[in-house]
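Below: one structure, written as structure tokens.
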Amino acid sequence: MYGWTAYGSKRSQNYRLGDWLAKACEHCFVALADLLVKALCHQEPGARSQEELKMLWQRLPSFQLRIPDIDLDFSRERIRAPGFPSSLEHTQISQMVAEAEKDLSDYEEDLRCLDSIVSDLRKKRDDLQRYVDDCKAYLSPIRQLPTEIMEEIFLYYQDLHGTRKGGRFREPINHSTQDLTALLLSSVCKLWHSICLCTPQLWSRFSVVLNRSRVHGAPSQLLPIYLSRSKQMPLCFDIKIDGRYCREPTKILSLLVAQSHRWFSTNWDLYNMDEEGVACLGVQKELPLLQHIALKRDGASSGDLLGIFAGARTPRTVSLTRMSNFLDSKLPWSEVHFLRAYNISSDVGVVDILVKLAGQCCTLRSFEAHFGDVPFESAQLECSIHLNTLEYLCLDTVSPYEIGEFFSIATLPNLRRLALVLYNDSNNDTHTPNTDSFRSFISRSQCSISVLRLGDLRLNEAFNPICDMLPHLPALKKLIFAEEYCDAIRPTLMETLMETLSVHSPHSIEAGQGADSLTAQNDDPVLPLLEELDMEVCAEDFQASKFVDMVESRCSLTGHGICALKSVRLYLQWHYSITKDSTVPLILQSLEGTGIEIISSTSDSRQFLRDEHQGCWPAP
């Protein structure tokens, strides 16, 4: 092997060395010497010394050429010529071929030696490059950061690596290692590895899938690593189990259950879990840290699934999907602050569910409910609903009659945000809603609702939410409204809304107007503090001119006792394919500008209320 010697300082030495190499080579080495000369001429000061290169050159074996002169042109012409060589020519050419083959063998040996030299040079060059890179990495400014800052950077990177709807990123330990940010960060260098091991939060958030192909394999190998490196940090995990392939407790479930005292946030997606499968989970009775529970049932799942978490002490957030009679579970409902229940199935009516809820969830701050298979029946009006801490309420798929019954017995003094998605059942038209219930509810609760969302509304003579609700909400700042599509020819609900929201400037009253008109225009405007308005309308029946008049009237009256609109979004919902007629009308285009947005779409391309206004829900 060869070592590097002291560096030179003049490029001219490289040229002299190249001349020496050119003279020392014969025939095939001339080209090699030229390449070495070119390489040396482009080297920076600090090339090899002349003596060391001589030592390298001496490695080549020396031999006397047996065929000193060759003439390729003559040989080609002789091949093209007709005839056969004479016996003397045959003998001479055969001897020359034998000697040339010996020279070829010697040339091959020299080339192998040169390849070894070039390989040695390249290896030393690569080693030096790695050494320089390591030195630069050692001098990197990031090494000056304190360990605490590096830990925060790693956690922030992990959150940015991927997102999960409704919460933070979970390490998918079923997938390839390129998705596992904790493992990747810990594999960069020894320093980062030690920082990752000292950051148990990196290893405390993960997701697991147990189905036909993933009961064993990567999860069973990686989960023990994550549980060990997370130390005693609270665990946040998502788990999806298909009961058809997890009949007995697996190693993965056993590992998770053994750490149930560290559960902080869990999201369970259970498919085809029967009572035996639920019992095999074997969760310990005590879950002292568990605060966030999400449970989804699908397929043929049965049994008391919520019973898994009966040992939780402070379950602050509970999210349920396709759960029947969930309030009968032994979960400590008095500790729940945020409850979301989607596709509720029960053997009692909506109002009875809400009465039972108020009796068990006395500290509830947010409640979102989508009612699925629930019978329509009259409630016991001698009952009452008191939720003194409730701030946000969302009732999805409820009838106007059930809404009226609820408001007639409810008292919610801290209610700030209200969302109602109505369900109009033609089979229950005999139940007339209580139109005075909302007014009595506001008077009794003394609450200040600032955000109201109304979905799937249609004009109904028995229940007009515009006339029945808006006049009693003077503190409302944001209104979100969606009109239900109907094929029947009728005046749209948006017309009523725009007439209700339109206001008149006191300066527009003329002296010649009648007393009735004067009195009507002097009435206090509806929603005087309204600043944001989102409307989803049936575009085929939409009265664009009335909308323009309403917006202009509310945007120009600041300083006259009401707040001007600051944000307006209008969604023109076309229920057919986009055609040349389904465009934004010219009169609406004149409104587009700061704070006003006009969007045209079809029903297949947008579900505005359900996608963008899901209310408040805390991330674990």
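If you go through region 73-89, how many residues are open to solvent by 100 Å² or more (accessible area, probe 1.4 Å) and either assigned to a helix (DSSP H, G or I) or under 30 Å from Asp110 (Cβ atoms) (or both)?
Here is the first cut: in region 73-89, the ones open to solvent by 100 Å² or more (accessible area, probe 1.4 Å) are 73-74, 76-80, 82, 84, 88.
So of that shortlist, the ones also either assigned to a helix (DSSP H, G or I) or under 30 Å from Asp110 (Cβ atoms) (or both) come out as 73-74, 76-80, 88.
Of the residues in region 73-89, 8 are open to solvent by 100 Å² or more (accessible area, probe 1.4 Å) and either assigned to a helix (DSSP H, G or I) or under 30 Å from Asp110 (Cβ atoms) (or both).
Mind checking whether some residue in region 399-422 is buried (at least 20 other Cβ atoms within 10 Å of the Cβ), closer than 25 Å to Ala294 by Cα and of a type in the set (Asp, Glu)? No, region 399-422 contains no residue that is buried (at least 20 other Cβ atoms within 10 Å of the Cβ), closer than 25 Å to Ala294 by Cα and of a type in the set (Asp, Glu).
Take Arg365 and decide whether it is within 30 Å of the chain's Cα centre (by Cα), among the basic types (Lys, Arg) and within 23 Å of Phe407 (Cα to Cα). Show your work before the answer.
Working: within 30 Å of the chain's Cα centre (by Cα): yes; among the basic types (Lys, Arg): yes; within 23 Å of Phe407 (Cα to Cα): yes.
Criteria met by Arg365.
Taken residue by residue, region 246-265 has at least one member that is within 23 Å of Ser324 (Cβ to Cβ), of a type outside the set (Val, Ile, Thr), assigned to a loop (DSSP other than H, G, I, E, B) and modelled with pLDDT under 70.
Could you please let me know if Ser329 is at pLDDT below 90, under 19 Å from Asn267 (Cβ atoms) and hydroxyl-bearing (Ser, Thr, Tyr)? Here the answer is yes, as Ser329 does meet what is asked.
Restricting the first member to region 120-140 and to residues that are over 16 Å from Val188 (Cα atoms), and the second to residues that are of a type outside the set (Val, Ile, Thr), the beta-carbon pairs closer than 8 Å and six or more apart or on different chains are Asp120/Met1; Asp120/Tyr2; Lys124/Tyr2; Lys124/Trp4.
Quick one: Met323 ticks every box in (1) surrounded by 20 or more Cβ atoms within 10 Å (Cβ to Cβ); (2) at pLDDT below 85; (3) in contact with a Gly (Cβ under 9 Å, 6 or more places away or on another chain); (4) of a type in the set (A, V, I, L, M, F, W, C) except a single one, so which number is it? Condition not satisfied by Met323: (3). Among the residues here, Lys580 does not qualify as open to solvent by 80 Å² or more (accessible area, probe 1.4 Å), farther than 20 Å from Glu495 by Cβ and modelled with pLDDT of 65 or more. Close contacts from region 253-272, counting a first residue that is within 19 Å of Thr317 (Cβ to Cβ) and a second that is among the basic types (Lys, Arg), with Cβ to Cβ under 6 Å and a gap of 6+ residues or different chains, come to Asp269/Lys240; Asp269/Lys296; Leu270/Arg297. Each residue in region 379-400 was checked for being free of Cβ contacts under 8 Å to residues at least 60 places away in the same chain and not in a loop (DSSP other than H, G, I, E, B), and 7 pass. Taken over region 161-217, the residue count meeting the criterion of being assigned to a loop (DSSP other than H, G, I, E, B) and either at pLDDT 70 or above or on the phi < 0 side of the Ramachandran plot (or both) is 23.
Residues in region 123-139 that are surrounded by 10 or more Cβ atoms within 10 Å (Cβ to Cβ) and within 17 Å of Trp192 (Cβ to Cβ): Asp133, Asp134, Ala137. Whether a residue is more than 20 Å from Arg439 (Cα to Cα) and either modelled with pLDDT under 90 or not in a loop (DSSP other than H, G, I, E, B) (or both) was assessed, and Phe376 passes this test. Check off (1) open to solvent by 10 Å² or more (accessible area, probe 1.4 Å); (2) modelled with pLDDT of 90 or more; (3) assigned to a loop (DSSP other than H, G, I, E, B); (4) touching a Ser or Thr at 6+ places or on another chain (Cβ under 8 Å) for Cys447 and give me the number that stays unchecked. Status for Cys447: all satisfied but (4).
With respect to Glu51, is the statement that it is at pLDDT below 75 and either surrounded by 13 or more Cβ atoms within 10 Å (Cβ to Cβ) or over 60 Å from the mean Cα position of the chain (by Cα) (or both) true? Quick ask: steps written out before the conclusion?
Numbers: at pLDDT below 75: yes; either surrounded by 13 or more Cβ atoms within 10 Å (Cβ to Cβ) or over 60 Å from the mean Cα position of the chain (by Cα) (or both): yes.
For Glu51, the condition - at pLDDT below 75 and either surrounded by 13 or more Cβ atoms within 10 Å (Cβ to Cβ) or over 60 Å from the mean Cα position of the chain (by Cα) (or both) - is met.
The values are calculated or read from the model by the stated rules, or taken from the named source; none is laboratory data. Just so you know, these numbers come straight off a predicted model, no measurement behind them. Positions of Cβ are backbone-derived with ideal geometry, glycine not excepted, and every protein chain shown enters the neighbour counts. Ligands, DNA and RNA are stripped out before the accessible areas are found, and what is left, the full protein with its side chains, is counted by its heavy atoms. Shrake-Rupley method; radii C 1.70, N 1.55, O 1.52, S 1.80 Å.
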